[in-house]
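Q: Sharing a structure below in structure tokens format, with a few things to ask.
The values are calculated or read from the model by the stated rules, or taken from the named source; none is laboratory data. Since the model is a prediction, treat every value here as computed from it, not as a measurement. Here Cβ is always computed from backbone atoms with ideal geometry, including for glycine, and neighbour counts include all displayed protein chains.
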Amino acid sequence: MIKLISSGAFSKPKDKSRANQDSILPPLAIENGILFAIADGVGSYEGSGLASSLAIKKLKELIESNFLIETHAVFKSIKETINDISLNQLSLEQSATTLTYCHVFDEKIMVGHVGDCRLYIKSGSKYLQITKDHTQHQKLLDEKLFTKAELKKMSGKNTLTSAISKGVPLDVQEVSLSLVDYADENGLVNLVVMSDGAHHYWHQRPTFSEKTMINPLSFCSSLLKRIERGGPVDDYSLIAIQIKI
Amino acid sequence: MMLMEQCGNYLIEPVGVIGRGGFGCVEKINLYNMYQGFCGSFARKIFSPVDESCREEFLRRFKREVNYQALCSNSYIVPVVLHSLQGDRPYFVMSLADSDLTHDLRAGWMSPLQKLEAVRMVLTGIHYLHCLKYYHRDIKPSNVLRFSDGTYKVSDFGLVKNADAGAESELLTKVARGMGTEKYAAPEVYAGVYSERTDIYALGVLIEDMNMSDIPGVQELINKSTMRRPADRYQIVEQMIMHINKIIEGVSK
């Protein structure tokens, strides 16, 4: 039996004057498990805020109606929903969103991911990044076409190679982890999902005190302070949870 | 005489369709001045997309194509002589070609020196584009046209990108969309990266298409242009021009 011990979350726009294009699904109890997610509307395109909120709404519906649904089927179905946005309004044709969700059930952690939000899991004294960014720079590095030093001089850091959008191929990352492998001596597991506006600041110094690292509420407020002190670079969202198995 | 259309101070007499694409068609036209004096035969590219759902995006690209191509003034770039971008059927008029490089290569009449000269012309045209900070992004033999004086010129600016314009949207997240023709696409194009070096890769494949690797120096030119890592390729087209000049010098001796 999985028990949610504590959780913290925020989702804020870069500028207070404009809408937040991130959407979040705070931890939700489904059957014997927990589901949480972040979708980040792709900033360059009209209707991206709508796309991210629809992605979250559809994800919730899909997993609530069949919690064993296959990850690729989840993304395919959400993509169909996003495609329909432009049926009545052509200007929304390029609306796009990322989506990273985490479904914990049956002692398993199932992760579905497209885009550049990141899911981390606590392992020892560190948080390990589980998802891989679908960004231009990451792809160029993976394929050894450019070195890190070459990429530093290049634009494209914010260019995604996959997203949920009409006409863009889906490149779904599916990860399955065993809860037991990440549980501490008390059976506690910590997970964090962040949009790029949040992990931009986490990545700069990926650590807090051990007390903060194990407490989702402290983690949440410490990173929020760090982002707001430095000045947001994008809309910023985070969900941190601690569960007990 | 057929019904004439007016474009500024000129009259256009359509002759017949000579090509079609997703954007619409290309037709041969006869051009006259207002006194019905014959100015010559030209090609007119007319915008009428097959897929109406893409009309807005295609129209944006079509207008960009006209603007970029019209700004070019180089012996090895097909010149735009007239355009009308208003109304339901936007179009532009350019010089009428006799053939394109694909057809000429298939016909098999080109000598090694003619092939090398054709390559030099294409390289000079692309070098000019790069100096304007434009990337062609769709270099291939069918986009290289031959004119009556034997000159080869670069055509089809449908995918041309202004390198400076890219920086403006860098702050916002966007999704990379690959474009161009697969065979001529450098590996980094699949991640949405375009640069002088992606055009250089396409030029290398185009040279390979010309079947002249037995000429001393040509295979090295192809190899260096099509290296997998962009940093290992020629960095600017001017370096390729220097290389081809040496090859031509050797062949001409």
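Q: Any residue in region B:86-102 that is in contact (Cβ under 8 Å) with a residue 12 or more places away in the chain sitting within a Cβ distance under 6 Å of a residue that is small (Gly, Ala, Ser)? List the pairs, counting only those 6 or more apart or interchain.
A: B:TYR91/B:SER84; B:MET94/B:ALA43; B:LEU96/B:SER41; B:LEU96/B:ALA43; B:ASP98/B:SER148; B:ASP100/B:SER142; B:THR102/B:SER142
Q: Consider A:ALA37 carefully, then state whether it is among the hydrophobic types (A, V, I, L, M, F, W, C), more than 14 Å from chain B (Cβ to nearest Cβ) and surrounded by fewer than 19 Cβ atoms within 10 Å (Cβ to Cβ). Spell out the reasoning first.
A: Details: among the hydrophobic types (A, V, I, L, M, F, W, C): yes; more than 14 Å from chain B (Cβ to nearest Cβ): yes; surrounded by fewer than 19 Cβ atoms within 10 Å (Cβ to Cβ): no.
In short, no.
Q: Within region B:220-253, work out how many residues are more than 14 Å from every other protein chain (Cβ to nearest Cβ) and either over 29 Å from B:LEU132 (Cα atoms) or hydroxyl-bearing (Ser, Thr, Tyr) (or both).
A: The qualifying residues number 6.
Q: Could I ask something else about it? If B:TYR190 meets every condition in (1) assigned to a helix (DSSP H, G or I); (2) exposed (fewer than 15 other Cβ atoms within 10 Å of the Cβ); (3) at pLDDT 80 or above apart from one, which number is that one?
A: (2)
Residue by residue, here is whether (1) over 17 Å from B:LEU113 (Cβ atoms); (2) modelled with pLDDT of 95 or more; (3) not hydroxyl-bearing (Ser, Thr, Tyr); (4) not assigned by TED's automatic domain parsing to the domain that holds B:LEU159 holds:
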| site | (1), (2), (3), (4) |
| --- | --- |
| B:GLU182 | yes, no, yes, no |
| B:THR198 | yes, yes, no, no |
| B:VAL205 | yes, yes, yes, no |
| B:MET210 | no, yes, yes, no |
| B:SER213 | no, no, no, no |
| B:GLY217 | no, yes, yes, no |
| B:GLU220 | yes, yes, yes, no |
| B:MET227 | yes, yes, yes, no |
| B:MET240 | yes, yes, yes, no |
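Q: Select, from B:LYS45, B:LYS63, the only residue that is out of contact with any strand residue (DSSP E or B) (no Cβ under 7 Å at 6 or more places or on another chain), surrounded by 14 or more Cβ atoms within 10 Å (Cβ to Cβ), within 19 Å of B:GLY8 (Cβ to Cβ) and assigned by TED's automatic domain parsing to the domain that holds B:ARG20.
A: So the residue among B:LYS45, B:LYS63 that is out of contact with any strand residue (DSSP E or B) (no Cβ under 7 Å at 6 or more places or on another chain), surrounded by 14 or more Cβ atoms within 10 Å (Cβ to Cβ), within 19 Å of B:GLY8 (Cβ to Cβ) and assigned by TED's automatic domain parsing to the domain that holds B:ARG20 is B:LYS63.
Q: Related question: Please work out which residue is nearest to the other protein chains (Cβ to nearest Cβ), limiting yourself to region A:7-19 and to residues that are within 15 Å of the chain's Cα centre (by Cα) and not hydroxyl-bearing (Ser, Thr, Tyr).
A: Per the stated criteria, the residue is A:LYS12.
Q: Give me a count of the residues in region A:168-199 that are out of contact with any Leu (no Cβ under 8 Å at 6 or more places or on another chain) and within 14 Å of chain B (Cβ to nearest Cβ).
A: Total meeting the criteria: 7.
Q: Another question, then. Taking the residues in region A:150-167 that are of a type in the set (A, V, I, L, M) and over 21 Å from B:ALA163 (Cα atoms) as candidates, determine which candidate is farthest from the other protein chains (Cβ to nearest Cβ). Lay out the reasoning, then the answer.
A: Step one: of region A:150-167, the residues of a type in the set (A, V, I, L, M) are A:151, A:154, A:160, A:163-164.
Filter once more, keeping what is over 21 Å from B:ALA163 (Cα atoms): A:163-164.
Details: A:ALA163: 5, A:ILE164: 10 Å.
Ranking the candidates gives A:ILE164 first.
Q: Also, quick follow-up: Name the strands (runs of 3 or more DSSP E) wholly inside region B:1-78 in which the number of residues that are over 14 Å from B:PRO90 (Cβ atoms) and over 18 Å from the mean Cα position of the chain (by Cα) is 3 or more.
A: Once the strands (runs of 3 or more DSSP E) in region B:1-78 are filtered for at least 3 residues that are over 14 Å from B:PRO90 (Cβ atoms) and over 18 Å from the mean Cα position of the chain (by Cα), what remains is B:10-21, B:24-33, B:38-47.
Q: Starting from region B:64-82, keep only residues that are hydrophobic (A, V, I, L, M, F, W, C), then list their pairs with residues that are in a helix (DSSP H, G or I) whose Cβ atoms are within a distance under 6 Å, requiring at least 6 positions of separation or different chains.
A: B:ILE77/B:GLY125; B:VAL80/B:GLN69; B:VAL80/B:ALA70
Q: Follow-up question, since we're still on this one. Look at region A:89-130 and say how many of its residues are out of contact with any strand residue (DSSP E or B) (no Cβ under 8 Å at 6 or more places or on another chain), more than 30 Å from A:GLY167 (Cβ to Cβ) and either within 14 Å of chain B (Cβ to nearest Cβ) or outside any strand (DSSP E or B) (or both). If you could, list the steps in order and put the result at the bottom.
A: Here is the first cut: in region A:89-130, the ones out of contact with any strand residue (DSSP E or B) (no Cβ under 8 Å at 6 or more places or on another chain) are A:89-93, A:123-126.
Still in the running and more than 30 Å from A:GLY167 (Cβ to Cβ): A:123-126.
When the remaining residues are screened for being either within 14 Å of chain B (Cβ to nearest Cβ) or outside any strand (DSSP E or B) (or both), the result is A:124-125.
The total comes to 2.
Q: State yes or no: is A:GLU143 touching a helix residue (DSSP H, G or I) at 6+ places or on another chain (Cβ under 8 Å), within 12 Å of chain B (Cβ to nearest Cβ) and either of a type outside the set (D, E, K, R) or surrounded by fewer than 17 Cβ atoms within 10 Å (Cβ to Cβ) (or both)?
A: yes
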